[in-house]
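In what follows, a single structure is set out as structure tokens and then discussed.
The values are calculated or read from the model by the stated rules, or taken from the named source; none is laboratory data. Remember, predicted model here, so these are calculated numbers, not experimental data. For neighbour counting, all protein chains shown are included, and Cβ atoms are generated from backbone atoms with ideal geometry for every residue, glycine included. Ligands, DNA and RNA are stripped out before the accessible areas are found, and what is left, the full protein with its side chains, is counted by its heavy atoms. Shrake-Rupley method; radii C 1.70, N 1.55, O 1.52, S 1.80 Å.
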Amino acid sequence: LDVRRNALASLSLVLGRADVASMPAATQNALVDALIQATQDSELPIRQLGAYALGLIPSESSRQQLELLVESTSEDATVRANAAVGLARSHSRKGLPFFQSVLKDAGAATAGDSRQYADLVTLRNTIKALELLKAELSDEERAELSATLTQLAANYPDDRIRLDAQEAVQALKR
């Protein structure tokens, strides 16, 4: 497990810095096929990293798998979050319901619930992904998301989240 997890983490770092579009098609296809297999692994950390890495490769096959993952309510939340962010990177709205759910849960944590939203990384990535999707959102959706983000910016217990929410509100207005 550790070897596979570390290999996927390293691959994710390389893909995040690489110009994937300039890779030969055969290399891209082989990577996508291997990462799709990783997203179906029995080990949760492998599925999580597989979904993250798959979201770094813009292809029809990766998009299809990411859509399946984000829509699967039986899948782990981190796998779904990584899939949703990967879709947002390619300007797909398919992860929007997941992002809205994350914001709703985070808003509940600020509205009288004394516990903070459990996964700050997912919340932070959700906020950043919404900025990537701004051109794909209707005026009504941007207004609704801005209202939710404004509440997080005012009330959320974590300083970094408040700042990210403020920046996202400004980005959604541009």
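A few comments on the model shown:
- Estimated FRET transfer efficiency (Asp41, Ala135; beta-carbon r; R0 30 Å; 0.05): 0.30
- Probe 1.4 Å - accessible area at Thr122, Å² to nearest ten: 10
- For the chain: accessible area per residue (Å², 1.4 Å): 52
- Cβ-derived FRET efficiency at R0 35 Å, Ser74 paired with Ala25, nearest 0.05: 0.60
- For the chain, a simple Cβ point-charge model (Lys and Arg +1, Asp and Glu -1, everything else neutral) yields a dipole of about 320 debye relative to the Cα centre.
- Heavy-atom surface analysis with a 1.4 Å probe gives the range 1-144 a carbon and sulfur content of 51 percent of its accessible area.
- Cα→Cβ-extended label distance, 7 Å offset, between Ala9 and Ala34, nm: 1.8
- Computed over the chain, the alpha-carbon pair-distance distribution with 5 angstrom bins reads 1, 9, 18, 19, 18, 15, 11, 7, 2, 0, 0, each value a whole percent.
- Within the full protein context, the accessible area of Leu68 is estimated at about 110 Å² for a probe radius of 1.4 Å.
- Positive-end ranking of Ala109, Ser138, Gly16 along the dipole of the chain, with charges on Cβ about the Cα centre, is headed by Gly16.
- Prolate/oblate/rounded label for the range 118-174 (Cα gyration tensor, a/c 1.5): prolate
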